[in-house]
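Asker: Pasting in a structure now, in structure tokens, and then I'll have a few things to ask.
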Amino acid sequence: MKPLNSSPIGIFDSGIGGLTVANAIKKNLPKESLVYFGDTAHLPYGDKSPDSIKYYSIRIADFLIDKNCKAIVIACNTASAIAYEVVKKHVKNKVLVFNVIDPVVEEVCLQNPKKIGVIGTKGTIKADAYAKKIKLSNPEIEVSSLATPLLAPMIEEGFFNNNISKTIINSYLSKPKLNKIDALILACTHYPLIKKEITEYYQKQINILDSADIVALKLKEKLNQLNLLNNSSSKPIHHFFVSDFTKSFEKSTKLFFEGKINLEHFPMWENE
Ligand code: DGL
């Protein structure tokens, strides 16, 4: 079936992180219906092998195509860094595919900082996608990347805005690699949930960029160009699927999407 203007936007991540992007899409594109897949059975993605990330991403993309999505947003930096090209190749021209890295790189190059820090999962930092892409557009910008693997599981467990999260965040941000940066990229979609604590650490002295709004605006621009925005007056419907049902996912979904939510367990990996 060919996607229509009223078809939903598909979004996926390992868990709740992508909800920060889904929330920004809901805010910037209030007429669009969303289908969200949280691969909670495989969380965290940050320490999985590139082959596993590619395999999960392709299977999830197929699931979202089955739901007749008109676009797929890879709302996960790890999967964006490792699997974007294979997903695009796999889906061919059936659906548009967006990653969360390119729009942020574009924004960074516009802002033109002298030295920028990047924090993300081991997978994202190892793939070095931000540094490579920034250097391609502007070799003058110094990029210093640091893996912060405890942060996504910490957030997923609901540890933010407390003493434990503060200690872990401060210990990462005080590493010499992040000395003298004038901007910081939160290269994990979970991190907007600790943006307040990171801003406090830097006492508002540096610019902190995350992908949520930047990606939502890019998506809006592209759908508009292609005449694919939903113009109908009917109320959008959002569906959430998880590969393993977790209480933290349910709680976070309710934080972002008020009221009754359609959250289903979809056992994508059963019998594998
Ligand atoms: N939110 C994801 C990211 O942006 C994944 C975190 C994880 O599962 O390790 O990288």
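Asker: What do you reckon, is Ser165 over 18 Å from the mean Cα position of the chain (by Cα), modelled with pLDDT of 95 or more and open to solvent by less than 30 Å² (accessible area, probe 1.4 Å)?
Answerer: On the way: over 18 Å from the mean Cα position of the chain (by Cα): yes; modelled with pLDDT of 95 or more: yes; open to solvent by less than 30 Å² (accessible area, probe 1.4 Å): yes.
When the stated conditions are applied, Ser165 passes them.
Asker: Which residue pairs have Cβ atoms under 7 Å apart, sit 6 or more places apart or on different chains, and have a first residue in region 20-47 that is within 18 Å of Pro149 (Cβ to Cβ) and a second that is open to solvent by less than 40 Å² (accessible area, probe 1.4 Å) and among the acidic types (Asp, Glu)?
Answerer: Going by the 7 Å Cβ cut-off, the qualifying pairs are Leu43/Glu156.
Asker: Further question: Pairs needed: first member in region 138-151, open to solvent by less than 30 Å² (accessible area, probe 1.4 Å); second member anywhere, in a loop (DSSP other than H, G, I, E, B) and within 16 Å of the ligand (Cβ to nearest atom); C-beta distance under 7 Å; at least 6 residues apart or different chains.
Answerer: Ser145/Asp128; Leu151/Cys188; Leu151/His190
Asker: Name the single residue, out of those in region 1-28 being open to solvent by 10 Å² or more (accessible area, probe 1.4 Å) and among the hydrophobic types (A, V, I, L, M, F, W, C), that is nearest to Ile261 (Cα to Cα). Lay out the reasoning, then the answer.
Answerer: Quick first cut of region 1-28, residues open to solvent by 10 Å² or more (accessible area, probe 1.4 Å) only: 1-6, 8, 20, 23, 26-28.
Those left that are additionally among the hydrophobic types (A, V, I, L, M, F, W, C): 1, 4.
Numbers: Met1: 26, Leu4: 24 Å.
It comes out as Leu4.
Asker: Same structure, new question: Is it fair to say Lys254 is under 26 Å from Ser6 (Cα atoms), without any contact (Cβ under 8 Å) to a residue 40 or more places away in the chain and either in a helix (DSSP H, G or I) or aliphatic (A, V, I, L, M) (or both)? Talk me through it step by step, then tell me what you get.
Answerer: Working: under 26 Å from Ser6 (Cα atoms): yes; without any contact (Cβ under 8 Å) to a residue 40 or more places away in the chain: yes; either in a helix (DSSP H, G or I) or aliphatic (A, V, I, L, M) (or both): yes.
In short, yes.
Asker: Go over the candidates Asp51, Asp39, Asp47 one by one and state the one that is among the acidic types (Asp, Glu) and either touching a Pro at 6+ places or on another chain (Cβ under 9 Å) or under 20 Å from Ala216 (Cβ atoms) (or both). Give the steps one after another, and end with the answer.
Answerer: Numbers: Asp51 fails: either touching a Pro at 6+ places or on another chain (Cβ under 9 Å) or under 20 Å from Ala216 (Cβ atoms) (or both); Asp39 fails: either touching a Pro at 6+ places or on another chain (Cβ under 9 Å) or under 20 Å from Ala216 (Cβ atoms) (or both).
Just one listed residue meets the conditions, Asp47.
The values are calculated or read from the model by the stated rules, or taken from the named source; none is laboratory data. Quick caveat: nothing in here was measured; it's all calculated off a predicted structure. For neighbour counting, all protein chains shown are included, and Cβ atoms are generated from backbone atoms with ideal geometry for every residue, glycine included. These area figures cover heavy atoms from the full protein model, side chains too; ligands, DNA and RNA do not enter into them. Shrake-Rupley method; radii C 1.70, N 1.55, O 1.52, S 1.80 Å.
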